[in-house]
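Here's the structure we're looking at; comments come further down.
The values are calculated or read from the model by the stated rules, or taken from the named source; none is laboratory data. Everything quoted here is computed from the prediction, not taken from an experiment. Reconstructed Cβ throughout: ideal geometry from the backbone, glycine too, with neighbour counts over all protein chains shown. These area figures cover heavy atoms from the full protein model, side chains too; ligands, DNA and RNA do not enter into them. Shrake-Rupley method; radii C 1.70, N 1.55, O 1.52, S 1.80 Å.
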Amino acid sequence: MQHTLAQKILARHTDQEITEAGQIARCRVSLVLANDITAPLAIKSFKGMGATKVFDRDKIALVCDHFTPNKDIDSAEQVRVVREFAQEMGVTHYYEGGDCGVEHALLPELGLVGPGDLVVGADSHTCTYGGLGAFATGMGSTDIAGAMALGETWFKVPPTIRVLISGKLKKWVGAKDLILNLIGRIGVSGGLYKALEFDGDTVADLSVEGRLTMANMAIEAGAKVGIFPSDDKTVAYGQAHNRPNAERLTADPGAVYESVVEIDAAALAPQVACPHLPDNVKPVSEVTGVRIHQAVIGSCTNGRISDLREAAQVLKGRKAAKGVRLIVLPATPTIWRQAMHEGLFDIFLDAGAVIGPPTCGPCLGGHMGILAQGEVSVATTNRNFKGRMGSLESFVYLSSPAVAAASAVTGVLTDPGSL
Amino acid sequence: MSIRGKAHKVGAHIDTDAIIPARFLVTTDKDKLGANCMEGLEPGWIKRVTAGDIMVAGENFGCGSSREHAPIALLGAGIPVVAAKSFARIFYRNSFNMGLVLLEIGDEVDKIGDGDQLEVDIEKGLLKNLTTGAEIKVPAIPASMRELVDAGGLVPYVKKRIQTGA
Ligand code: SF4
């Protein structure tokens, strides 16, 4: 059988022959991930399973990023549970405090994930690593406990939707706009149980960081994974990030796709997902003028250095409008330091921004930017479900860093090209 | 196993933030999570539920985050079964691992109204609407889940494998 990327990677991690979509395959995993919310439950299940050691102490990553720095006693207790487990098991990759960043920005940076890997994580945005050519997917804590104990888990081989993107992107249009547009077209259940495989000349032009942004939101279409081919850029990224042997990886010629979605990148304008679902997507021009109270730039979707540079390019020499809280959260300590050295912080501070620590924070309504009743936020995050960032009566618009920054400046949703 | 209860009908794309908002994720306790079940849909929603009641939903129930707290909150709220048009993938897996029974019944979900009395017989694969008399055939649990269900969930399943060294 000619394999799609998803099938090809699964085949490498199992002794079974992968012959069709829908088949159940038992696979060995490359890395198992959990965070401060999901690890405590996984640990509970792990103990309940009678497990006494993890399958490989170098292949578990525990990242306490959601409520960091711990926002209250309960969240601190959860982190204590994770820390003690990490110590007891001798887990190499335990991250908390100053070496901790938002997990899906941190792991690629540390070289813990790469092309051809099979990664499972107790976090739905584990699919981010598809940007590097990994088969990476989210699961619940108990599945993750099983994987921590056995080093393997089962998968249903997904059928693949091929997403073919071609054309040159216009100024201020990028990876976030592409993925929002796709989700708007196929819907929040358009990829249910399936793999998305991205390809085309626009994809080849995208930076690895842009690909991570897109793969990150595959789950917002319900997909199991969103995978990019690994090319020269992926290999170069690996060499710069502790992954010297990163390989090139593409689907087999003649692989069978369930369907093909084509996107004309050249025709695309900046997009936003309107409340309260990620598939409620419109060009920003259709909602220009909606008043905002907060702009959040950060998260595992758009908290990387290229995102901060994009926001800074818009904010340079400008100020956030009165009454708008502009919150910038670099996703990892390395990104934080780099942004500082590049002078981006001066631009943000001059614009009146609050610069926070690497944390998930407001993305999931945890802390550091919670919305009151009736408040509206534009955010570079990935979910705008009702109440996700605070009050059930608040509203979140998802956008690129450029749109979020431009909107912060005017105080209303704004196309950066119109500034 | 036969379960009788009142239907609580919700819409499509009910996400895990609606089932249990992130601010309640500072515990793994079933009862505490259950007390805040569906708090992200409507404050105080849980007050309408009596133990044994059945959740009935549109497509893509449980979309969003991987939080296993979602099926646990439903179980903690006393809801043993969810019947829906379709389920989100991670939620589907989590539910079987936790022992929450999911019935994927497609458009048949339209035969159930809010407040209807339902009876589910899992062995026979039958869901009866006692209020309207409608009978809905429930698809068999997929073979891949059967192994887990037979073992009593994922925890006992892995436990057995660790003990036998398989
Ligand atoms: S930044 Fe948001 S989406 Fe990403 S891992 Fe944190 S909470 Fe989840």
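Side notes on the structure shown:
- Each label was represented as a point 7 Å from its Cα along the Cα-to-Cβ direction; for A:Arg185 and A:Val287 these points are 2.0 nm apart.
- Normalising by residue count, region A:264-378 has a Cα convex hull of 126 Å³ per residue.
- Per-residue 3J(HN,Hα) values for region B:103-115, derived from phi via the Karplus relation 6.51 cos²θ - 1.76 cosθ + 1.60 with θ = phi - 60°, read 10, 8, 10, x, 5, 4, 4, 5, 7, 10, x, 4, x Hz in sequence order (x marks Gly and Pro).
- Relative contact order for chain B, counting Cα pairs under 8 Å that sit 6 or more residues apart, in percent: 23
- Rolling a 1.4 Å probe over the protein chains gives A:Phe55 an accessible area of about 70 Å².
- Projecting label points 7 angstrom from Cα along Cα→Cβ for A:Arg337 and A:Gln2 puts them 4.7 nm apart.
- Take the Cα of B:Lys137, go 7 Å toward its beta carbon, and the backbone nitrogen atoms of region B:93-115 under 16 Å from that spot belong to B:104-109.
- The solvent-accessible area of A:His341, taken with every protein chain present and a 1.4 Å probe, is close to 140 Å².
- Contact residues in region A:385-410 by the 50 Å² criterion (accessible area, 1.4 Å probe, full protein complex versus chain alone): A:Phe385, A:Leu392.
- In region A:273-418, the DSSP beta bridges split such that about 15 percent are antiparallel, to the nearest 5.
- Rounded to whole numbers, the Karplus 3J(HN,Hα) couplings from phi for region B:19-29 are 5, 8, x, 4, 5, 8, 8, 9, 8, 10, 6 Hz, using 6.51 cos²θ - 1.76 cosθ + 1.60 with θ = phi - 60°, and x at Gly and Pro.
- For peptide A:132-144, the mean count of partner chain Cβ atoms within 10 Å of a residue's Cβ comes to 5.
- Here A:Ser418 and B:Asp110 are evaluated by their C-beta separation; at R0 = 45 Å the FRET efficiency comes out at 0.50.
- With R₀ fixed at 41 Å, the C-beta to C-beta distance from A:Ala236 to A:Asp72 puts the FRET efficiency at about 0.45.
- A Gaussian network model of chain B, with springs between Cα atoms under 10 Å, assigns the largest mean-square fluctuation among B:Ile79, B:Ile20, B:Ile136 to B:Ile136.
- Rounded to the nearest angstrom and listed largest first, the equivalent-ellipsoid semi-axes of region A:1-152 from its Cα gyration tensor are 28, 17, 12.
- Accessible-area ranking of A:Lys44, B:Lys47, largest first, probe 1.4 Å: B:Lys47, A:Lys44
- Per-residue mean of foreign Cβ neighbours for A:42-51 is 5 (Cβ atoms of other chains, 10 Å radius).
- Length added when fully stretched, A:Ser391-A:Thr19, from 0.36 nm per residue minus Cα-Cα: 129.1 nm
- Rounded to the nearest 5, the antiparallel percentage of DSSP beta bridges internal to chain B is 50%.
- Inter-chain shielding of B:30-43 (mean C-beta neighbours from other protein chains, 10 Å cut-off): 1
- For region A:122-251, the gyration tensor built on C-alpha atoms gives an oblate shape. Its axis ratio a/c (a ≥ b ≥ c) is at least 1.5, and a/b is not larger than b/c.
- Cα-only Debye scattering, region A:5-263: base-10 log of I(q)/I(0) at q = 0.10 Å⁻¹: -0.48
- An ellipsoid equivalent to chain B, defined through the eigenvalues of its Cα gyration tensor, has semi-axes of 24, 21, 14 Å when rounded to whole angstrom and sorted largest first.
- Label zone (A:Lys319, point 7 Å along Cα-to-C-beta; backbone nitrogen cut-off 12 Å) within region A:344-363: A:350-353.
- The protein assembly as shown, Rg to Rh (Cα coordinates; Rh as Kirkwood inverse mean 1/r): 0.95
- Given a 1.4 Å probe and the protein chains as shown, A:Asp264 ends up with an accessible area of around 90 Å².
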